[in-house]
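In what follows, a single structure is set out as structure tokens and then discussed.
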């Protein structure tokens, strides 16, 4: 595959019906169109890869704007007052072929203070044929005066289940099968981003020697631990065997695994044990995303009422994950959590 056929572009939604997990926004936008009440300024706010720019394009087309009358601007690259002055002058010209001219300004929080002030004047009294759609990943950086002039729509990060369904569906349409554990691993690594999920999926398709993707294949690509490594660490923590557990952490470091992802996967596993121990009826549902061998191991640990894979360990691992971004040694917070859990010093 070439860059022009990147999966996140190839399978980008092109209609409201194709948008996943943003029903709270779609319903309002569709209602505004049906009533003929088109806002002159909208703000799409949310984390990266949640579909803000895609939704902006869908809305622009839905209100009748042709491509020639849709203008996209990246505020990270065009952040100065001269850029906004140029836009301010251009909005007064009539659309070429459409009832509206739509200006999509991505990463709008990157504008300079002077550019913000110039944009504010345009937002206050825009021509009737102009619609502004501002997009940002950092809404808190926007001036209140900008927010007050926009209808604000906050995008949800897609759930793990939605990401699993998305990558499974896209892989299938590409003639490829992702097993459940592989799709789940991609969803965890994507961290709430459709774009990242599909980018990882594309790497799996390119790297796989056949038409089936396994969790271990995905692990190699994204720097996650293979199933056996995770089982070895969980077993050592179950036995409170500090030397073995620390050895697994050293092995993960030597393999250049992504430590944040390693910790997240460890958290998922220990959480599964805790939940199943306290809600046995949920076992099949909780374990469904895990590979067969790991699922069997977790089920066994959950059956032992005195297993130290419990809420106390989860709290230590959560602290390790939180401290990871601040530690000069990425593996150190996990080592501390292991030692504390195993009763060491």
Among the residues in the stretch 286-309, are any more than 29 Å from residue 178 (Cβ to Cβ) and assigned to a helix (DSSP H, G or I)? no
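Filter the stretch 180-213 down to the residues that are assigned to a loop (DSSP other than H, G, I, E, B) and without any contact (Cβ under 8 Å) to a residue 40 or more places away in the chain, then identify the one that is nearest to residue 259 (Cα to Cα).
Filtering first and then ranking leaves 191.
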Considering (1) in contact with a strand residue (DSSP E or B) (Cβ under 6 Å, 6 or more places away or on another chain); (2) under 29 Å from residue 190 (Cα atoms); (3) outside any helix (DSSP H, G or I), say which one residue 76 fails and leave the rest. (1)
Which of the residues spanning the stretch 95-117 are in contact with a helix residue (DSSP H, G or I) (Cβ under 6 Å, 6 or more places away or on another chain), surrounded by 20 or more Cβ atoms within 10 Å (Cβ to Cβ) and assigned to a helix (DSSP H, G or I)? 109, 115
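Criterion first (part of a loop (DSSP other than H, G, I, E, B) and modelled with pLDDT of 95 or more) does residue 31 satisfy it? Write out each step before concluding.
Details: part of a loop (DSSP other than H, G, I, E, B): no; modelled with pLDDT of 95 or more: yes.
Here the answer is no, as residue 31 does not meet what is asked.
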Residue 298 being out of contact with any strand residue (DSSP E or B) (no Cβ under 6 Å at 6 or more places or on another chain), closer than 16 Å to residue 235 by Cβ and crowded, with 18+ Cβ neighbours inside 10 Å: yes
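Looking at the stretch 124-163, which of its residues are in a loop (DSSP other than H, G, I, E, B), under 21 Å from the mean Cα position of the chain (by Cα) and touching a residue at least 60 places away in the same chain (Cβ under 8 Å)? Give the steps one after another, and end with the answer.
Keep residues of the stretch 124-163 that are in a loop (DSSP other than H, G, I, E, B), which gives 125-129, 137-138, 142-143, 148-150, 155-159.
Narrowing the set further to residues that are under 21 Å from the mean Cα position of the chain (by Cα) leaves 137-138, 155-159.
Answer for the stretch 124-163, where residues must be in a loop (DSSP other than H, G, I, E, B), under 21 Å from the mean Cα position of the chain (by Cα) and touching a residue at least 60 places away in the same chain (Cβ under 8 Å): 137, 155, 156, 157, 158, 159.
The values are calculated or read from the model by the stated rules, or taken from the named source; none is laboratory data. Since this is a predicted model, take the numbers as computed values, not measurements. Glycine also receives a Cβ, built like all others from the backbone with ideal geometry; neighbour counts cover every protein chain displayed.
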